[in-house]
Amino acid sequence: MYFQAEQKGIKWEINVNETRTHWSISLKPETKDWSHYEMPKSSFLELDNAISFIHNNSSYVFDVVGSGTDYTVYARGSYRVIKIFNDEMLLHESLKQDGGLVGSDKLSAGMPGKITKVFAEEGKEVKKDQPLLIMEAMKMENEIRSPKAALIKKVFVKEGDVVESGAALISFEKSK
Amino acid sequence: MFKKILVANRGEIALRVIRACRELGIGSVAVYSDADRNSLHVALADEAYHIGPTPSKESYLNIAKIIDVCKKAGAEAVHPGYGFLSENEDFARALKKENLVFIGPTPENIEAMGDKLNARKIMQEAGVPIVPGSPGPVTTEEEATKVAQKIGLPVIIKASSGGGGKGMRIVHKIEDLPSALRAAKSEGLNFFKDDTVYIERYIGNPKHIEIQIFGDSQGNVVHLYERECSIQRRHQKVIEESPSPSLPPEIREKMGEISVRAAKAIGYIGAGTFEFIFDNKTKDFFFMEMNTRLQVEHPITEMVTGIDLVREQIFVALGRPLSFKQSEIKQTGHSIECRICAEDPVTFIPSPGTIRRCRNPQGPFIRVDGYAYPGSTVPMEYDPMIAKVIVWGDNREVCIQRMKRALLETNMTGIKTNIVLLRTILQHPTFIDGHYTTQFVEKEISVNPDIFRFVLDESFLIAAAITAYNDRKSKDTSRLKITTRWKDMARLKGLRN
């Protein structure tokens, strides 16, 4: 099975092959070559809320949280946020846009909170890292900045709104 | 001895107090808000009472509700923990009026040290060195400019009722002074309802070193030596250690003596901490503020002195004299504490949610004060700190290795944690040589984005790919089942005909 993934801003191509005895995984980061990993299924375990396997002779316990295209993978006190698309999803995306991985043109709330200040204005251009709004969560004020230079299409929230995790906050005009 | 103590707090400190009560045979009464129903302190206490909706104002900060629970449960004393109502003199007074014991200092102690300007004056009169600054509040730009020119730039403008790093502005150039003054005053008004500000010299190579003191109702006061808390980010402590690797022994003794003298001068009862700014170059120390409560980082003092501070708080509240004399207090070995917080280690944005897997470190000389367990929730309305990992070692080197070992064993999934940040700090040469200042994390760690190097990128991708593969495979198989169901339906229809 073929996938495309994005992690820490880098795009990867992935091939997963399953046989009765082995997992065969190939990874290719953009601008580099393919690397291959063979994993015997005897060393692969499914646990409560985790999968465990031996990689590079070291045993890992990974907790993969998420579904669809967005996953957060935890292991050894560390984590990664990964977007992964199988071929069906890639087809959908390429029909929606001009192909390749989707660049997000919507800013969503990363956690539940209350909007205390809105700086973004519809129709105005913003620079990368420019503050768009302030959200209060966990006793702290969090300044939310623009992920890229863009033109603001719609602002979905106003001061005083309480939002849930994943709620749409701002949408940008499609970047060229 | 008290029959029951109400713990007016939540999270790990509530657990800490419940444990001290248990060890003394005292009944523990927990209170909880909506969000904390499945919290560990509720499960472990002898009794638990619901005190309201999640927002702190309606639950943990609600004095009337807490006193109500005391009466219902028959608790004779209240331990306020840290934060919440622990430094609220109105709460202390309200308890006194109802003949309930507040396990902490007197309301007068709290009031005296709660106003930072007043505290400065009292300390100065007691002979405690204070940071050179304005003799009183500063209201106009002219006053501020005169003070700044007298004590020399850079200066820091501080809100008198402030705390937790709010209501402060650092000024390096005289022309920035007017706007900084306005900003500090407005923050003081917005967060603490008081726009009184004063000015102090800003110390360039500052270390945050604090002295733990303990006083009883008979006028005895001792100090339990120091803790260094310079590993901070935006004035939030991240790692603390005791003893301080940079403190010369004679300065240590001097700071201890001065703190004891100051505590006696104000008739302080209970556990308290004097926070000092220590200039690592000149070895000068200046009083910053006094915390009239038990501190988050108290465990490292317990590990190094062998004294149970919460137990002693209960004894002092009963009116007993201190269980130890100054000559009996010694620092043995070294201790470090790391605060595990539910936040993104790079952006520090809080990461509330449900904890899925949870593994605490164990083994020799490890202590974990935390409230996480698999399936527990980290609510978004409260502090993001979920656990403190504390280690003890014969010396600092052993301690650092042991803490690195402990953090390798610590694993929490479902929420982001700052574990990789802690591991990065512990390996940094500036931390290892001990001469780090309060600027260290923001200047050397926060700008280096490579704190995710402990696990290879590929390993995560492999896990995600296999999971995505299995997700897709199970979707295909369920489609197969639907086809079979259609077949079944047709067969059934065929049979009926």
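The values are calculated or read from the model by the stated rules, or taken from the named source; none is laboratory data. Note that the structure is predicted; figures quoted are calculated from it, not measured. Cβ: placed from backbone, ideal geometry, glycine included. Neighbour counts: every protein chain shown.
Might you check whether a residue that is buried (at least 22 other Cβ atoms within 10 Å of the Cβ), more than 22 Å from the chain's Cα centre (by Cα) and polar (S, T, N, Q) occurs anywhere in the range B:36-55?
No: zero hits.
On the basis of being surrounded by 13 or more Cβ atoms within 10 Å (Cβ to Cβ), more than 8 Å from chain B (Cβ to nearest Cβ) and at pLDDT below 90, does A:Met89 make the cut? Full working, then the answer.
On the way: surrounded by 13 or more Cβ atoms within 10 Å (Cβ to Cβ): yes; more than 8 Å from chain B (Cβ to nearest Cβ): yes; at pLDDT below 90: yes.
Taking the combined requirement at face value, the residue satisfies it.
Answer yes or no as to whether A:Ile14 is at the interface with another protein chain (Cβ under 8 Å from one of its Cβ atoms), without any contact (Cβ under 8 Å) to a residue 24 or more places away in the chain and farther than 24 Å from B:Ile451 by Cα.
Details: at the interface with another protein chain (Cβ under 8 Å from one of its Cβ atoms): yes; without any contact (Cβ under 8 Å) to a residue 24 or more places away in the chain: no; farther than 24 Å from B:Ile451 by Cα: yes.
When the stated conditions are applied, A:Ile14 does not pass them.
State all residues of the range B:400-419 that are of a type outside the set (D, E, K, R) and surrounded by fewer than 21 Cβ atoms within 10 Å (Cβ to Cβ); if no residue qualifies, say none.
Going residue by residue through the range B:400-419, those that are of a type outside the set (D, E, K, R) are B:400-401, B:403, B:406-408, B:410-415, B:417-419.
B:Ile400, B:Gln401, B:Leu408, listed by residue number.
For B:Ile213, state whether it is in contact (Cβ under 8 Å) with a residue 60 or more places away in the chain and touching an Asp or Glu at 6+ places or on another chain (Cβ under 6 Å). Explain how you work it out, then say what you get.
On the way: in contact (Cβ under 8 Å) with a residue 60 or more places away in the chain: yes; touching an Asp or Glu at 6+ places or on another chain (Cβ under 6 Å): no.
No; evaluated as a whole, the condition is false for this residue.
I'd like the full set of residues that are surrounded by 14 or more Cβ atoms within 10 Å (Cβ to Cβ) and within 17 Å of A:Leu90 (Cα to Cα), limited to the range A:1-26. Walk me through it before giving the result.
We begin by selecting, within the range A:1-26, every residue surrounded by 14 or more Cβ atoms within 10 Å (Cβ to Cβ); these are A:1, A:3-7, A:11-16, A:18, A:22-23, A:25-26.
If the condition is that a residue be surrounded by 14 or more Cβ atoms within 10 Å (Cβ to Cβ) and within 17 Å of A:Leu90 (Cα to Cα), then A:Met1, A:Phe3, A:Gln4, A:Ala5, A:Glu6, A:Gln7, A:Lys11, A:Trp12, A:Glu13, A:Ile14, A:Asn15, A:Val16 are the ones that fit.
Looking at (1) over 16 Å from the mean Cα position of the chain (by Cα); (2) surrounded by fewer than 20 Cβ atoms within 10 Å (Cβ to Cβ), which is the one condition that is false for A:Ser67?
Only one criterion is unmet by A:Ser67, namely (1).
Assuming B:Val441 fulfils every condition listed in (1) surrounded by fewer than 20 Cβ atoms within 10 Å (Cβ to Cβ); (2) more than 8 Å from chain A (Cβ to nearest Cβ) apart from one, which condition is it?
Among (1) surrounded by fewer than 20 Cβ atoms within 10 Å (Cβ to Cβ); (2) more than 8 Å from chain A (Cβ to nearest Cβ), B:Val441 violates only (1).
Which number in (1) among the basic types (Lys, Arg); (2) part of a strand (DSSP E or B); (3) surrounded by fewer than 17 Cβ atoms within 10 Å (Cβ to Cβ) marks the one condition that A:Lys32 misses?
Every listed condition holds for A:Lys32 apart from (2).
Would you mind stating whether A:Pro131 is within 14 Å of chain B (Cβ to nearest Cβ) and either surrounded by 14 or more Cβ atoms within 10 Å (Cβ to Cβ) or at pLDDT 90 or above (or both)? Don't jump to the end; show me each part of the working.
Working: within 14 Å of chain B (Cβ to nearest Cβ): yes; either surrounded by 14 or more Cβ atoms within 10 Å (Cβ to Cβ) or at pLDDT 90 or above (or both): no.
Against the criterion (within 14 Å of chain B (Cβ to nearest Cβ) and either surrounded by 14 or more Cβ atoms within 10 Å (Cβ to Cβ) or at pLDDT 90 or above (or both)), A:Pro131 does not qualify.
Show me the strands (runs of 3 or more DSSP E) entirely contained within the range B:126-231 in which 3 or more residues are under 30 Å from B:Ile314 (Cβ atoms).
Hits in the range B:126-231: B:206-215.
Residue-wise test of (1) in a helix (DSSP H, G or I); (2) at pLDDT 90 or above; (3) within 11 Å of chain A (Cβ to nearest Cβ).
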| position | (1), (2), (3) |
| --- | --- |
| B:Ala406 | yes, yes, yes |
| B:Lys416 | no, yes, yes |
| B:Leu422 | yes, yes, yes |
| B:Ile451 | no, no, yes |
| B:Ala465 | yes, yes, yes |
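Only one residue in A:Tyr60, A:Tyr37, A:Tyr79 is in a strand (DSSP E or B) and under 21 Å from the mean Cα position of the chain (by Cα). Which one?
Values: A:Tyr60 fails: under 21 Å from the mean Cα position of the chain (by Cα); A:Tyr37 fails: under 21 Å from the mean Cα position of the chain (by Cα).
Answer to the check: A:Tyr79.
Within the range A:18-31, take every residue that is away from every other protein chain (no Cβ under 11 Å) and charged (D, E, K, R) and give me the one that is nearest to B:Phe460 (Cα to Cα).
Once the filter is applied, the top-ranked residue is A:Glu30.
Conditions tested, residue by residue: (1) of a type in the set (Asp, Glu); (2) within 14 Å of another protein chain (Cβ to nearest Cβ).
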site	(1), (2)
B:Val304	no, no
B:Glu337	yes, no
B:Arg357	no, yes
B:Arg367	no, no
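Being of a type outside the set (Ser, Thr, Tyr), assigned by TED's automatic domain parsing to the domain that holds B:Lys237 and in a loop (DSSP other than H, G, I, E, B): is that true of B:Ala372 here? Please lay out each step first, then the result.
Values: of a type outside the set (Ser, Thr, Tyr): yes; assigned by TED's automatic domain parsing to the domain that holds B:Lys237: yes; in a loop (DSSP other than H, G, I, E, B): yes.
So B:Ala372 fits the description; yes.
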